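Here the structure comes first, spelled out in structure tokens, and everything after it is commentary.
The values are calculated or read from the model by the stated rules, or taken from the named source; none is laboratory data. Keep in mind that what you see is a predicted model, and the values were worked out from it rather than measured. Here the Cβ is made from the backbone with ideal geometry for all residues, glycine too, and neighbour counts use every protein chain on show. Ligands, DNA and RNA are excluded from the accessible area calculation, which covers all protein heavy atoms including side chains. Shrake-Rupley method; radii C 1.70, N 1.55, O 1.52, S 1.80 Å.
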Amino acid sequence: LFSWRDRHGNICPLVRDAALARINSIYESHNIGTAFGHSFRIGGASFYLAQKVDPEIVRISGRWKSLAYQTYIRAFEQISSRHLAGLERQVTA
């Protein structure tokens, strides 16, 4: 799914560094900033937890060896709840 054929016809997997280089080139062309690989892991964990997937499954799937991911998730929840509260005020105004 995440691969391509090089000029010799060999199948090459999309590796982290190549993916981030491409994503960041797109971001930079739109003055968005820079993405880091870790942010995708946090985003994926946040998505699955929002879908009510068991936190232990999320931890194992994200290859987290500790419960440190919970710190990121809590920070994400706080930021997103503030953002959503601001949107609700705009809609009702």
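So which residues in the range 1-47 are in contact with a strand residue (DSSP E or B) (Cβ under 7 Å, 6 or more places away or on another chain), open to solvent by less than 80 Å² (accessible area, probe 1.4 Å) and within 28 Å of W64 (Cα to Cα)? Walk me through how you get there before you give the answer.
Quick first cut of the range 1-47, residues in contact with a strand residue (DSSP E or B) (Cβ under 7 Å, 6 or more places away or on another chain) only: 2-6, 11-14.
Applying the additional criterion that residues be open to solvent by less than 80 Å² (accessible area, probe 1.4 Å) yields 3, 6, 12, 14.
If the condition is that a residue be in contact with a strand residue (DSSP E or B) (Cβ under 7 Å, 6 or more places away or on another chain), open to solvent by less than 80 Å² (accessible area, probe 1.4 Å) and within 28 Å of W64 (Cα to Cα), then S3, C12, L14 are the ones that fit.
If S25 satisfies all but one of (1) closer than 30 Å to E77 by Cβ; (2) outside any loop (DSSP other than H, G, I, E, B), what's the number of the condition it fails?
S25 satisfies every listed condition except (1).
Select from the range 48-59 the residues that are open to solvent by less than 100 Å² (accessible area, probe 1.4 Å) and of a type in the set (D, E, K, R) and list them in ascending order. It would help to see each step written out before you state the result.
Here is the first cut: in the range 48-59, the ones open to solvent by less than 100 Å² (accessible area, probe 1.4 Å) are 49-50, 53-59.
Within the range 48-59, D54, E56, R59 meet the criteria.
Would you tally the residues in the range 60-89 being at pLDDT 80 or above, more than 14 Å from the chain's Cα centre (by Cα) and surrounded by 10 or more Cβ atoms within 10 Å (Cβ to Cβ)?
Total satisfying the criteria: 2.
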